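The values are calculated or read from the model by the stated rules, or taken from the named source; none is laboratory data. Note that this is a predicted model, so its numbers are computed, not measured. Cβ atoms come from the backbone with ideal geometry, glycine included; neighbour counts cover every protein chain shown. Side chains are part of the model used for accessible areas, which takes the heavy atoms of the whole protein and leaves out ligands, DNA and RNA. Shrake-Rupley method; radii C 1.70, N 1.55, O 1.52, S 1.80 Å.
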Amino acid sequence: MYIDPEYLKETSEKRSLDKTDQEIVQKALQDGVETVWERLAKQQPQCGFGQLGICCNRCVMGPCRIDPFGGEPKRAVCGATRDLIAARNILDDLATGAAAHSDHGREVIEVLLETAEGKSRGYRIMDVDKLKAVAGEYGIETQGKKKAAIAKALALAMLEEFGTVKNRIQLIQRAPDKTREMWKRIGITPRSVDREIVEAMHRVHMGVGADYANILLHALRTSLSDGWGGSMMATEGSDILFGTPAPTTTHANLGVLKKDAVNIVLHGHNPILSEMMVLAAEDAALKKLAKEKGARGINLAGMCCTGNELLMRHGIPIAGNELDQELAIATGSVEVMVIDYQCIFPSLTDTAKCYHTQVVSTSEKSKIPGATHLECHPESALDTAREIVKLAVENFPHRDLQRVRIPEKPMKMMAGFSEEAVRSALGGSYKPLIDAIVAGKIRGAVGIVGCNNPKVQQDYGHITLGKELIKRDILVVETGCAAIASGKAGLLLPEAAGLAGDGLRSVCEALKVPPVLHMGSCVDCSRILMLAANIAKELNVGIEDLPLGGAAPEWYSQKAISIGAYFVASGVFTVLDIPPKIFGSPEVVNLLTAGLNGLVNAAFAVEPDPVKAADLLEEVIEKKRQGLGI
Ligand code: BF8
């Protein structure tokens, strides 16, 4: 349809920072496709009580809301105050996020067990060294034992930590002593993954405690069970099964889709099926079929964190981050979008109906009306993957060439910086990095993580903050959609060191690494924890003493709340740019942005302007440097 070119330009620039995304935003508008931005506009004005976190919809004496101006009603029907309502709401959100990460982790460990027992097909143990190292941490004897036996013992030991038999999460031992003592002192040492989440659900029920601070402390404990438990197990289990990432070069943005190949986009979070898709796409018979259908080949492209998992381990190009899922379909070039779970728009099948794209759902947990459901089970995942590739190949002739537009220039990028890879880039020890920090060449490091949110111009927060920090000689490590944003913007290239301050630039040039390091998917924020823990241990201090910061500039999800909370609970000051739904309770705001300093030597800040956020992070980093006497 005809749309005024000025309007198209202005609207697309408002929606996304990235030129290739802008191009397809314009196409989607011209094609009349409803996207997340149209839906956000239709929701205006959004509910003020909800935004402030002072509405409660837990029981049927309600729903209730509190007057934000101090008038009546001051209490819900049950008697809950604004503080209690806001604290329970945030715990509920956080527990949902922790559950999402940890349930993903559990599935990975289940596949590890089935692989060890010879019940899965196509899966192999790729990193035997890591298997042995992690098994050693669990006290599992590895000498003279077959890898299958070690993997079985490890998987069972990890699965026990989801329940309450052990009531102890082994991997928290990776945190420095001082940090663990801090947790113990304030009673937030996580006991097990599921236990903290179930207890969170218990605590948000009506009539289970009215002390908002007590509820928020449990939120920290729940988040720690995610970061040092479920998420860390997801990372370690995936590395053992699929390989620990090492630096690799690939491409990012919607330009990685190909005009002449069958395009399959892999979207979601769990690498279990997508790893089999990598094998299936190499199948000679399917490649031949693709040729017969007129395609040059089969092109896999990632999206969101499934994409991150694939690019970290296989260098598979990534089409984009969260707000790109509809845009990828709007290129008109996607034969199949495969989804596992999390961060998948429920309306994706409606978007797909505007083109020839088929959405294939693969998890029993994540079915979408209108999608073709081909369920992934470890014993038959490779066959399922082949079936999906065949479906995509057979769909290729249905592509309407008149409606295809693919941006021309994919951006080159580097990824694969697992904690092990960072250490090896440094020559096998953290000493050179610590020396650079002590010498002030690098002032500190910030983990930029999290999502896109249509309330912010796509990628603006990530890129502006990232550039500001590296300019100030602060190393940036990233995961999730933040890392994809940096990939699209060219910050994940060694050449981007030219944008850094003199000190950071010299270190990056010497090591031939970018000033922004892609450390993986959102569960791989556990890699950031490990990096911090290992540096703290070398210095014999706690993580809370290090010149570190965290930021989630465009966050939207409950998972991001859990990540932010375990950063803070681990002693890392963290800035959010989108306000969490707590501002109806000054007491909750005060505890989370100030009071926590007295408990974990870190707190949250909320700052919508990324340049000012960089100021806050720099200030904290300099203070921590002073504390260390450097
Ligand atoms: O887990 S950063 S939008 S894709 S929640 Fe989702 Fe947020 Fe992206 Fe990965 Ni993480």
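Couple of notes before you dig in:
- Taking the stretch 436-580 and dividing mean pair separation by its residue count, relative contact order in percent (alpha carbons under 8 Å, at least six apart): 29
- Only Cα pairs under 8 Å and 6+ residues apart enter the sum, and on that basis the relative contact order of the chain stands at 17 percent.
- Accessible solvent surface per residue of the stretch 254-403, calculated while the other protein chains remain in place, 1.4 angstrom probe, Å²: 33
- Summed side-chain charge close to residue 333 - residues other than residue 333 whose Cβ falls under 12 Å, Lys, Arg +1, Asp, Glu -1: +3
- Legend: calculated FRET efficiency, residue 30 to residue 143, from the Cβ-Cβ distance at R0 = 51 Å, rounded to 0.05, equals 0.20.
- Of the GluC sites (Glu not before Pro) found in the stretch 267-359, those in coil by DSSP whose Cβ has at most 12 other Cβ atoms within 10 Å are 282.
- Label-point gap, in nm, between residue 510 and residue 471 - each point 7 angstrom along Cα→Cβ: 2.5
- Those trypsin sites (Lys or Arg not before Pro) in the stretch 496-576 that DSSP places in a loop and that have at most 13 other beta carbons within 10 Å: 512
- For the stretch 414-628, carbon and sulfur atoms together expose 56% of the accessible surface, with a 1.4 angstrom probe and every protein chain in place.
- With every protein chain in place, the stretch 81-242: carbon and sulfur % of accessible area (1.4 Å): 51
- Under the criterion of Cα pairs below 8 Å and six or more residues apart, the relative contact order for the stretch 540-630 equals 36 percent.
- Cross-link table 178/612; 146/288; 488/581; 145/431; 353/455; 537/623, entries beyond 28 Å C-alpha to C-alpha: 178/612; 146/288; 488/581; 145/431
- Taking the square roots of 5 times each eigenvalue of the Cα gyration tensor of the chain, largest first, gives ellipsoid semi-axes of 35, 30, 26 Å.
- Helix-only mean residue ellipticity at 222 nm for the chain, each DSSP H run of n ≥ 4 adding -39500 (n - 2.57), per residue, nearest 500: -14500 deg cm²/dmol
- Take the Cβ atoms of residue 403 and residue 8, set R0 to 22 Å, and the FRET efficiency comes out at 0.85.
- 3J(HN,Hα) from dihedral phi, the stretch 62-76, Karplus parametrisation 6.51/-1.76/1.60, rounded to Hz, x for glycine, proline: x, x, 10, 8, 10, 5, x, 9, x, x, 8, x, 9, 10, 6
- Cα gyration tensor shape of the stretch 254-403, rounded if a/c is under 1.5, else prolate or oblate by comparing a/b with b/c: rounded
- Gyration tensor (alpha-carbon) shape descriptor, the stretch 81-242, a/c threshold 1.5: prolate
- Longest exposed-site-free window of the chain, the sites being chymotrypsin sites (Phe, Trp or Tyr not before Pro) in a DSSP loop that have at most 14 other C-beta atoms within 10 Å: 70-630
- Qualifying lysines (Cα of each under 18 Å from Cα of residue 9; at least 8 residues distant if same chain): 19, 27
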